Structure formats: structure tokens, C-alpha cells
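Q: Once you've had a glance at the structure underneath, I'll fire off some questions.
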Amino acid sequence: MAFNAVEGKDYRVVSPSVSSPSDSIEVIDFFAYTCAHCQRLAPLLEDWMKKLPADVSVRRVPVAWEPATQFLSRIYYTFEALDRLEDLHPAFWQDILGGIITSEADLQSWLQSHKVNLNEWNAAYNSFTVTMKTQQALQTWQNYRLDATPYVAVAGKYLTAPHMAGSRQKTIEVLDWLVRHERQARQKH
């Protein structure tokens, strides 16, 4: 029997909906570097994202719950600006949760150990682009009125998470269902 996600249990409707691209079904992975649950969901999401059809776009949005952790969002976008997201993001996440990086000095040492040029790092970290993306991330997760992570949004209309779906694996099933549901709704219009 085909799986059918249940509104209010497996996912919730975002009201009012959040602006989303009309030319694709946008999936947003909301995560926090301080969230071990997010880190455990990440490999499943990565595998799922690799198999998505062309009409689905994906982006990650780092969540910083307070000004004191805003620098973590900047770090994510700095990895992106340096084109080092693929190798630095998972390693940084592991080490921040593991307590290896607890200060600015630790971060500088960590960056050097990962062969990051500190001048390039500082230029990217303080750049207009990274500043704007960090501010946009804050606005995006606030628009969805998030109060926890991880969450995954679909098409600006739906949110799901392991605590709603019941497990990380079931979250992937709910995401598949939401993407299909949104695709069918768009085909009717």
C-alpha cells in the first residue's frame, strides 16, 4: 500500500506560506551546527538529495538561535564562498559538536590544519556576500517560525522533521510524499 503522509502528524502546513521559486519545488534543510539531531539526519538527507529529479531544488539554511551563535552561520557561508563546503562543512560540524573547537584560537588552528589560507578566510568571512547570506538565513528561518532543528521545508508550504515523522528514515518518506504532492498540485494548475 502506498504511503500517505498525515497533516498535523507527519508534517505541518506553513501558514502563511513562505515565498518559494515557481520554477522548481524547493526543499530547504534547516540545520544548526549545535544540533546533534541535525548531524544525524544529514547523511540520510544527502543520499536523498542525490536522487532528486531535476524539478526539485535544494538549499541548506544554517540556523543561529541567538546573536552569540550567528558566527556559525557565517562560517557555513564562508565555506561556501571558498568552495570548500563539501570537505569543511562535515568536518567542522563533527569537531564543533565534539568540543574540539571552543574558541577563536581553536578555529584558527582548525582552519590551518585543514589547509585554509587565513587571509582568504578572513576576506570571505567579512565579505558583503557572506554577510548578506547570513542575514537572509536568519530571515528565512524566522519566516518559517522555527523553534527547533532539524526541520525540512518543501515548496514554502510544508515542514517536516524526525520528531514529527517518528524517525529520520520516515522523514525521508514524508519528504518524498510532500514533493510528489506538490508536483501533483502544480500539474493541476
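Q: If you take just the helices (runs of 4 or more DSSP H) that sit entirely in the range 77-187, which of them hold at least 2 residues that are more than 16 Å from Ala42 (Cα to Cα) and touching a Phe, Trp or Tyr at 6+ places or on another chain (Cβ under 7 Å)?
A: Of the helices (runs of 4 or more DSSP H) lying wholly inside the range 77-187, those with at least 2 residues that are more than 16 Å from Ala42 (Cα to Cα) and touching a Phe, Trp or Tyr at 6+ places or on another chain (Cβ under 7 Å) span 128-143.
Q: Quick check on my filter: what residues within the range 58-76 are within 14 Å of the chain's Cα centre (by Cα), assigned to a helix (DSSP H, G or I) and among the β-branched types (Val, Ile, Thr)?
A: Passing the criteria: only Ile75.
Q: Filter the range 134-149 for residues that are more than 16 Å from Thr78 (Cα to Cα) and either in contact (Cβ under 8 Å) with a residue 40 or more places away in the chain or not aliphatic (A, V, I, L, M) (or both) and give the result.
A: Gln139, Thr140, Trp141, Gln142, Asn143, Tyr144, Arg145, Leu146, Asp147, Thr149
Q: Which of (1) among the charged types (D, E, K, R); (2) surrounded by 14 or more Cβ atoms within 10 Å (Cβ to Cβ); (3) farther than 21 Å from Trp48 by Cβ is the odd one out, the single condition Arg60 does not satisfy?
A: The failed condition is (3).
Q: What are the pairs, 6+ residues apart or on separate chains, where a residue within the range 103-114 that is over 14 Å from Leu88 (Cα atoms) has its Cβ under 8 Å from a residue that is among the hydrophobic types (A, V, I, L, M, F, W, C) and surrounded by 12 or more Cβ atoms within 10 Å (Cβ to Cβ)?
A: What qualifies is Asp106/Ile100.
Q: Let me ask you something else. Pairs only if they're at least six apart or on different chains, beta carbon under 7 angstrom, first in the range 17-38 and modelled with pLDDT under 95, second crowded, with 22+ Cβ neighbours inside 10 Å; list them, first residue then second.
A: Filtered contacts from the range 17-38: Ser20/Ala155.
Q: Can we say Ser127 is in contact (Cβ under 8 Å) with a residue 24 or more places away in the chain, more than 30 Å from Ser15 (Cβ to Cβ) and out of contact with any His (no Cβ under 8 Å at 6 or more places or on another chain)?
A: yes
The values are calculated or read from the model by the stated rules, or taken from the named source; none is laboratory data. Keep in mind it's a predicted model, so treat the numbers as computed, not measured. Here Cβ is always computed from backbone atoms with ideal geometry, including for glycine, and neighbour counts include all displayed protein chains.
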